[in-house]
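Q: Below is a structure I'd like to ask you about.
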Amino acid sequence: MKFAIALFSAAHAPSSRRALLFAQAALAGGHEIVRLFFYQDGVYSAANSIVAPQDEQDIARQWREFVSQHQLDGVVCIAAALRRGVLNAEEATRYQRSAVNLEAPWALSGLGQLHDAAQAADRLICFGGP
Amino acid sequence: MSKSLLVISRQAPWSGPSAREALDIVLAGGAFDLPIGLLFMDDGVFQLAPGQDAKAVQQKDLSANLQALGLFGIDDVFACSHSLTERGLTPPASAQPMDSAAISQLIDRYDQVITL
């Protein structure tokens, strides 16, 4: 089955970890992930500026490694990211900000990518809240 | 044929960017001519309240964006009647009131659902 996965919560929310576990299980079960789309506070789950305590899970890093390892299409909503200060090098330059906290494998793009993924997938699975 | 999407908007317009971000999904879908429905539920029905003064809480007014729904071809706009009653709001002209039985049918009718 083809899944599109949307995440609306930050890396410290249990729902971000649940989304990651779901995504891992989907691939392990032989399914396809057409796209991951991070929206609202989900953009924080893609930020590389998070410093997790050593005895806690670094979910943002795990997301990054998961997306890279499986060469998934990982999209972070650009409007939601800008509003929350999650910027890649290009946007940091554009808006003259000193911090860059988003990098490959993540791409910044618009909400059309969410609709496109939902159209291409058999199921759209959303994760948010606590 | 395009898959249909129901967006359920559950946050008040003053409670953060959620109301706007739910609406943005709807408008983006409308721009792509996708079959999109919008249901206001729980505190989300406050977005439909008349006489809002967003400036008083230093916010941008969302109602203008709601007016744009028609221009984007979004005609399927609903409001949970229970949520309206609970908050002392009368059903607005811009949204069809729905009771819980109708809402469960509505959710069933759409291929996909996003709740914010």
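Read-outs throughout are calculated quantities, based only on the coordinates presented, and are distinct from any laboratory measurement. Keep in mind that what you see is a predicted model, and the values were worked out from it rather than measured. Because the Cβ atoms are built from the backbone with ideal geometry, glycine has one as well, and the counts that use them run over all protein chains shown.
Q: What helices in chain B pass both tests, a Cα length along the helix axis of 18 Å or more and a mean Kyte hydropathy of -1.0 or higher, using whole DSSP H runs?
A: Span-like helices in chain B: B:18-31.
Q: Here's another thing I want to ask about it. Pop a pseudo-label 7 angstrom from the Cα along the beta-carbon direction at both B:D108 and A:E65 and give the gap in nm to one decimal.
A: 4.5
Q: Which one of B:A64, B:G30, B:A95 has its Cα pushed farthest toward the positive end of the charge dipole of chain B, where Lys and Arg give +1 and Asp and Glu give -1 at the Cβ?
A: The one lying farthest along the dipole's positive direction is B:A64.
Q: Okay, moving on. Which net charge results when you count Lys and Arg as +1 and Asp and Glu as -1 among the other residues whose beta-carbon is under 11 Å from that of A:L7?
A: Neighbourhood net charge equals +1.
Q: So what's the net charge close to A:C77: Lys and Arg +1, Asp and Glu -1, counting the other residues with Cβ under 14 Å from its Cβ?
A: -2
Q: Also, quick follow-up: Hey, got a sec? Which trypsin sites (Lys or Arg not before Pro) in segment B:1-97 land in a DSSP loop and have at most 15 other Cβ atoms within 10 Å?
A: In loop regions of segment B:1-97 (DSSP not H, G, I, E or B), the sparsely surrounded trypsin sites (Lys or Arg not before Pro) are B:K60, B:R87.
Q: Of B:F40, A:F127, B:F46, how do they rank once you tally other Cβ atoms within 10 Å and put the fewest first?
A: With the fewest neighbours first, B:F40, A:F127, B:F46 line up as B:F46, A:F127, B:F40.
Q: Before anything else, pin down the relative contact order of segment A:2-127: Cα pairs under 8 Å, at least 6 apart, normalised by residue count, whole percent.
A: Reported relative contact order: 35 percent.
Q: Within 10 Å, Cβ to Cβ, of A:Q113, how many net charges do the neighbouring residues add up to if Lys/Arg are +1 and Asp/Glu are -1?
A: For residues surrounding A:Q113, the net value is -1.
Q: In nm, to one decimal, how far is the B:D75 label point from the A:A25 one, both placed 7 Å along Cα→Cβ?
A: 4.1
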